[in-house]
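Remarks on the structure that follows.
Bear in mind these aren't lab numbers, they're just calculated from the coordinates by the rules spelled out. All values reported here derive from a predicted model rather than from experimental measurement. Virtual Cβ from ideal backbone geometry, glycine too; neighbours counted across all protein chains shown.
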Amino acid sequence: MEPNPAAVAWYVQRAEDLLEDLRDRVQSLRSRGGQLAGFSGAVIALAGANAESMLDAVDHAARVAVGISLLAGMMMLIGAFATARRGTLLPRSVSGISAKEVANYVTERFTHEPDLWRVQVRAIRGLLVSIDWTTRQGDRAARAVTRAAYLFLGGLSAVGVALAILVSVVSF
């Protein structure tokens with residue numbers, strides 16, 4: 001029984017649409033990862049530049065509390081930066097269809113193929129590899145963004161606690 005050419009063409013289109021959606025998801029996650037890395041870096045720079053003056057402004061137990069909060073916050077922010085950077089910003093691209101394969105599609109063998117579905121099935125096989133790889137990339141990026149977001153919030157909270165201690169000690 002011969003395959004239905006219209007059905008095979010429909011499958012190719014659905015596979016291409018899925019791959020495009022997955023690539024959009026990965027790109028969105030990379031953008032979020034970049035934002036988390038950028039904000040983490042900014043808070044690290046601000047808190048680090050002011051750490052000495054913050055510690056000098058308080059004495060004894062408050063100094064220890066501010067120091068511990070700043071250290072914990074900085075470590076979490078560095079973790080958020082590294083996680084976001086490593087998990088989302090490193091470009092990884094793969095295609096299941098090589099340039100050599102695509103070049104074959106313009107040869108006599110393929111341009112005169114009476115059953116186009118045979119070529120489309122080859123394309124589907126290539127798209128399947130790309131879909132699988134892109135799905136794994138997206139899943140990895142999503143996990144990295146989630147981890148980085150938690151680390152960022154924890155680090156920001158710890159730096160906030162240090163600032164709150166500083167403000168309360170200096171104000172009273």
- Query: What 222 nm value per residue comes from the helices of the chain, counting each DSSP H run with n ≥ 4 as -39,500 (n - 2.57) and dividing by all residues, nearest 500 deg cm²/dmol?
  - Reply: -30000 deg cm²/dmol
- Item | Degrees separating the helix 60-84 axis from the principal Cα axis of the chain, which is the longest one | 10
- Message: Report the gain in length on full extension from Ala45 to Arg136: 0.36 nm times residue separation, minus Cα-Cα distance, nm rounded to one decimal.
- Response: 29.4 nm
- Item | Distance (nanometres) between label positions extended 7 Å along Cα→Cβ at Arg125 and Ser53 | 6.6
- Message: Compute, for the chain, the length of the dipole vector about the Cα centre, with Cβ point charges of +1 (Lys, Arg) and -1 (Asp, Glu) only. Units Debye, rounded to 20.
- Response: 300
- Distance cut-off 20 Å, percentage of C-alpha pairs in the chain lying past it: 65
- Item | Angle in degrees between helix 116-171 and the longest Cα principal axis of the chain, rounded to the nearest 10 | 10
- Task: With label points built 7 Å along Cα→Cβ from the Cα atoms of Arg109 and Ile68, find their separation and express it in nm.
- Result: 7.1
- Query: With the dipole of region 8-69 worked out from charges on the C-beta (+1 for Lys and Arg, -1 for Asp and Glu) around the Cα centre, which of Ser28, Ala61, Gly41 lies farthest toward the positive end?
  - Reply: Ser28
